[in-house]
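> Have a look at this one before I ask anything.
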């Protein structure tokens, strides 16, 4: 039996993008949904691993003036045996901070963390200056019986000049990228 986990990466009300054409790619044996016009630049999709790179044009705003840009994303995922250590995405994120700082990635504040029993999501936004861009990094872990679905999505936002400082890059990502992941239902024993 399979249970379906379908959720946007950030919970938002329905947007006009929902009416746009959908692009669906297999993710493991399931689905990654991209809304609107996307260019898939590479994909390696196997039953237990996935790597997909894709991009789309986006419009940002600066004092009500449009700023042209693009969103470049890379999704990497693996289905592996479950362990408590791998399911602890907050600890894995903290362990990566020194390496991220060294790479010039400046996370904005504390990450957004949510947990709903068998699903954990951590998302952080930030910026880098070499070259200048903003990013949204998402860690997603789904405990499915003896298996763990471990997914990371990194979307970078490139633009010619900076839009307003209050641009919500996570909301822009959520507007266009959605996951629907049916996974084997987990037994309630040991949960």
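> Restricting attention to the stretch 75-91, which residues are more than 16 Å from the chain's Cα centre (by Cα), touching a residue at least 40 places away in the same chain (Cβ under 8 Å) and in a helix (DSSP H, G or I)?
Listed by number, the residues that qualify are 86, 87.
> Run residue 67 past the list (1) under 25 Å from residue 39 (Cα atoms); (2) crowded, with 18+ Cβ neighbours inside 10 Å and report the number of the one that doesn't hold.
Here residue 67 meets the rest and fails (2).
> So which residues in the stretch 95-120 are farther than 20 Å from residue 134 by Cα and surrounded by 12 or more Cβ atoms within 10 Å (Cβ to Cβ), if there are any at all?
To start, the set of residues in the stretch 95-120 that are farther than 20 Å from residue 134 by Cα comprises 95, 114-120.
Scanning the stretch 95-120 gives 114, 115, 118, 119, 120.
> I've got another one for you. Could you tell me whether the stretch 125-144 includes any residue that is exposed (fewer than 12 other Cβ atoms within 10 Å of the Cβ) and assigned to a helix (DSSP H, G or I)?
No, the conditions are met nowhere in the stretch 125-144.
> A further question on this structure: What's the total number of residues in the stretch 147-182 that are at pLDDT 75 or above and not in a strand (DSSP E or B)?
Number of matching residues: 10.
> How many residues does the stretch 37-64 contain that are without any contact (Cβ under 8 Å) to a residue 60 or more places away in the chain, surrounded by fewer than 14 Cβ atoms within 10 Å (Cβ to Cβ) and within 18 Å of residue 159 (Cβ to Cβ)?
5
> Which condition from (1) modelled with pLDDT under 80; (2) closer than 24 Å to residue 135 by Cβ; (3) in contact with a strand residue (DSSP E or B) (Cβ under 8 Å, 6 or more places away or on another chain) is the one that residue 62 breaks?
(3)
The values are calculated or read from the model by the stated rules, or taken from the named source; none is laboratory data. Source: prediction; values computed, not measured. Ideal geometry is used to build each Cβ from the backbone, glycine not excepted, and the neighbour counts take in all protein chains shown.
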